[in-house]
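Step one of this worksheet: look at the structure below.
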Amino acid sequence: MNDLAYDTQPLDAQPEGDGGQAIPQPAAQPSMAAADTRGYKALPIPRINIQAFCEDDRTAQLLSEAAQDRRLARAHTTVQMGGIQAATAFYRDASTPNLILLESMRDQDTMLAELDQFSEVCDAGTKVIVIGHVNDVLLYRQLVSRGVSEYLVMPLTVGQIMESLSNLYNESGAEPIGRVIAFVGAKGGCGSSTICHNTAWSIAEVVRSEVVITDFDLPFGTAGLDFNQDPIQGIGDALLSPDRLDEVLLDRLLSRCSDHLSLFAAPGTLERTYDPGPAACEKVIDTVRRNVPFVVADIPHVWTEWAQRLVVQADQIVITAIPDLANLRNAKNLIDRMKAARPNDKLPILVLNQVGMPKRPEISISDFTSALEIQSHLVVEFDAELFGTAANNGQMVQEISTKAKACERFTELAFQLCDRDEPKAEKQSVLESLLGQFNLKKLGL
Ligand SMILES: Nc1ncnc2c1ncn2[C@@H]1O[C@H](COP(=O)(O)OP(=O)(O)OP(=O)(O)O)[C@@H](O)[C@H]1O
Ligand SMILES: [Mg+2]
């Protein structure tokens, strides 16, 4: 028997033990088509061709749903029936695509025999995922030894499929891909850029991870001012000629604010108008995300094709809103739109900003959040002196006062966005605090 012609990839779930054992797989949800967000860490799949040959209608339905996921937006995915045999017949006269998913409901021997036949028509370089209905380590090993990249056992969820594809295309050794976090305001002037810049600062200085802020508010963006940077063209140049943008040019266009934080600043001038196409924005984001683990996108309060695409395609979304009626209506529309466009993703994170402004009537936080049907949110209080001083000095609020409540919120949000646990301050024991109080440590007690 010939080995399959496709390449073997390292599998992240290596089974242990003898034949007959079950392959450890994440528990599936009861309904195969149920949307789940467990694959939310899955990263986008490159512009590849994917062809699936199913035997079960429910699997075909599930894969068709997965094909609609934002992370597969660039890939071209086709789903058809007929299983391994149909695939073998189909590719006798055609070259195989980048990735093939083959479902088999046959017994083990028939499945392996069919796969061996398929190997004769499969081009080198094509990755193969087999979807089966038998959870068995021995079978898994036989498939891996034939060069199959992954063996998935039904029932599966869209989230699990996204996770497997992401692992296959974003494994170690491949080009790293950073996470994109889009910050949008429910209404102009609600403080979205302020929240965005301060959170990015916390990612850089508190979580200590590399981050780039990309300011998409080309005529009016304030990232340059907020970080006290001399105006440079930055992102304006990149969006005007996206094809020229590579790592070298990116380095020239970025302003470095600190060891971990760089800025893709907006020109902030009105000499010319900018109407970047979605493709140019995508190219800029792609180039940046190949160079840093976190890309923070400051999106202006517009709803153009490119702005919408940036938000929908982001790995995480932060919506900032002030507790009033117009913000509530817009935040609700944004969340509903995101629920529809990103059914397999976590909901956006809501930041209620400028809460408690003296004399301003407000919708209560509980009424606001229950109307939006979201579980978690962060509250940043109104503090004219703190935020005003920071804005005028070209500093972040954390640099003005580390004790301000807002700083805790930005740290909390930064850790949440980086999927990291915030280190809890070690609590002193009663004895330690007494020793400290009376300075008895010096006495050796
Ligand atoms: N919690 C707060 N307390 C007091 N002032 C704040 C607070 N948050 C933001 N501000 C101030 O509100 C103003 C508007 O903030 P910012 O520019 O971040 O809003 P935006 O939503 O990005 O606006 P735009 O629609 O122009 O993009 C700024 O002067 C900022 O300093
Ligand atoms: Mg803004």
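The values are calculated or read from the model by the stated rules, or taken from the named source; none is laboratory data. All values reported here derive from a predicted model rather than from experimental measurement. All Cβ positions, glycine included, derive from the backbone under ideal geometry; neighbour counts span all protein chains shown.
Taking (1) at pLDDT below 60; (2) farther than 22 Å from residue 340 by Cα in turn, residue 33 satisfies each apart from (2).
Scanning the stretch 367-383 turns up one or more residues that are charged (D, E, K, R) and in contact with a helix residue (DSSP H, G or I) (Cβ under 7 Å, 6 or more places away or on another chain). Among helices (runs of 4 or more DSSP H) entirely within the stretch 84-175, having at least 3 residues that are modelled with pLDDT under 95, of a type in the set (Val, Ile, Thr) and within 29 Å of residue 315 (Cα to Cα) singles out no element at all.
The condition of being more than 16 Å from ligand 2 (Cβ to nearest atom), of a type in the set (A, V, I, L, M, F, W, C) and assigned by TED's automatic domain parsing to the domain that holds residue 189 holds for only one of 265, 279, that being 279. Scanning the stretch 182-217 for residues that are within 16 Å of ligand 2 (Cβ to nearest atom), buried (at least 24 other Cβ atoms within 10 Å of the Cβ) and more than 19 Å from residue 355 (Cα to Cα) gives 182, 200, 201, 213, 214, 215, 216. From the list 383, 345, 367, the one residue that fits, being loosely packed, with under 13 Cβ neighbours inside 10 Å and either within 16 Å of ligand 1 (Cβ to nearest atom) or farther than 18 Å from residue 199 by Cα (or both), is 367. Scanning for something among the acidic types (Asp, Glu), surrounded by fewer than 17 Cβ atoms within 10 Å (Cβ to Cβ) and more than 23 Å from residue 44 (Cα to Cα), does the stretch 125-144 turn up at least one residue? Checked the stretch 125-144: no residue is among the acidic types (Asp, Glu), surrounded by fewer than 17 Cβ atoms within 10 Å (Cβ to Cβ) and more than 23 Å from residue 44 (Cα to Cα). Restricting the stretch 342-384 to residues that are among the charged types (D, E, K, R) and part of a loop (DSSP other than H, G, I, E, B), the residue that is nearest to residue 321 (Cα to Cα) is 362.
There is no residue in the stretch 114-121 that is crowded, with 16+ Cβ neighbours inside 10 Å, within 33 Å of the chain's Cα centre (by Cα) and of a type in the set (Asp, Glu). Determine if the stretch 177-196 includes at least one residue that is more than 16 Å from ligand 1 (Cβ to nearest atom), modelled with pLDDT under 95 and farther than 30 Å from residue 368 by Cα. Scanning the stretch 177-196, I find at least one residue that is more than 16 Å from ligand 1 (Cβ to nearest atom), modelled with pLDDT under 95 and farther than 30 Å from residue 368 by Cα, so the answer is yes.
Does residue 267 qualify as being within 23 Å of residue 44 (Cβ to Cβ), in a loop (DSSP other than H, G, I, E, B) and touching a residue at least 12 places away in the same chain (Cβ under 8 Å)? Considered against the rule, which asks whether it is within 23 Å of residue 44 (Cβ to Cβ), in a loop (DSSP other than H, G, I, E, B) and touching a residue at least 12 places away in the same chain (Cβ under 8 Å), residue 267 comes out as no. Has the stretch 151-160 got at least one residue that is crowded, with 24+ Cβ neighbours inside 10 Å, within 16 Å of ligand 1 (Cβ to nearest atom) and of a type in the set (Phe, Trp, Tyr)? Checked against the condition, which is being crowded, with 24+ Cβ neighbours inside 10 Å, within 16 Å of ligand 1 (Cβ to nearest atom) and of a type in the set (Phe, Trp, Tyr), the stretch 151-160 yields no hits at all.
Can we say residue 326 is at pLDDT 95 or above, small (Gly, Ala, Ser) and more than 16 Å from ligand 1 (Cβ to nearest atom)? In short, no. Just one residue in the set 252, 329, 290 is away from ligand 2 (no atom under 16 Å from the Cβ) and closer than 28 Å to residue 354 by Cβ; that residue is 329. Kindly establish whether residue 368 is within 16 Å of ligand 2 (Cβ to nearest atom) and under 17 Å from residue 191 (Cβ atoms). No.
Annotation note: Cβ proximity below 7 Å between a residue of the stretch 167-189 that is assigned by TED's automatic domain parsing to the domain that holds residue 214 and under 23 Å from residue 345 (Cα atoms) and a residue that is surrounded by fewer than 13 Cβ atoms within 10 Å (Cβ to Cβ) and at pLDDT 90 or above (sequence gap 6+ or interchain) occurs for no pair. Looking across the stretch 209-228 at every residue that is in a loop (DSSP other than H, G, I, E, B) and away from ligand 1 (no atom under 16 Å from the Cβ), the one that is farthest from residue 421 (Cα to Cα) is identified as 210.
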